[in-house]
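Here is the structure we will look at.
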Amino acid sequence: MIALQCLSTTGVTWREMGSWKYAIGQLVALNLLAYVLAVIVVQGLRAIGVS
């Protein structure tokens, strides 16, 4: 799994790093990465004829 699955992980990141900037950055970056990879996979499968 690429996406951040649990919101409490964001809270733990905040406590460990001491800043919401890192916690929110991790949340946004991992979910954006997961979305981009999903689009690449779906479009790749469509390109080879898998529906």
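Taken together, the values in this text are just the output of simple stated rules run on the coordinates, not laboratory data. From a predicted model like this one, the values you see are computed outputs, not experimental measurements.
Go through the stretch 34-47 residue by residue and turn each phi into a ³J(HN,Hα) via Karplus (6.51, -1.76, 1.60, θ = phi - 60°); whole Hz please, and just put x for glycine and proline.
Whole-Hz 3J(HN,Hα) from phi for the stretch 34-47: 4, 5, 4, 5, 5, 5, 4, 5, 4, 5, x, 5, 5, 5.
What length, rounded to one decimal in nm, is gained on full extension from V36 through to T9, with 0.36 nm per residue of separation minus their alpha-carbon distance? Walk me through the numbers on the way to the answer.
On the way: separation 27, 0.36 × 27 = 9.72 nm, distance 2.14 nm.
Between V36 and T9, full extension yields an extra 7.6 nm.
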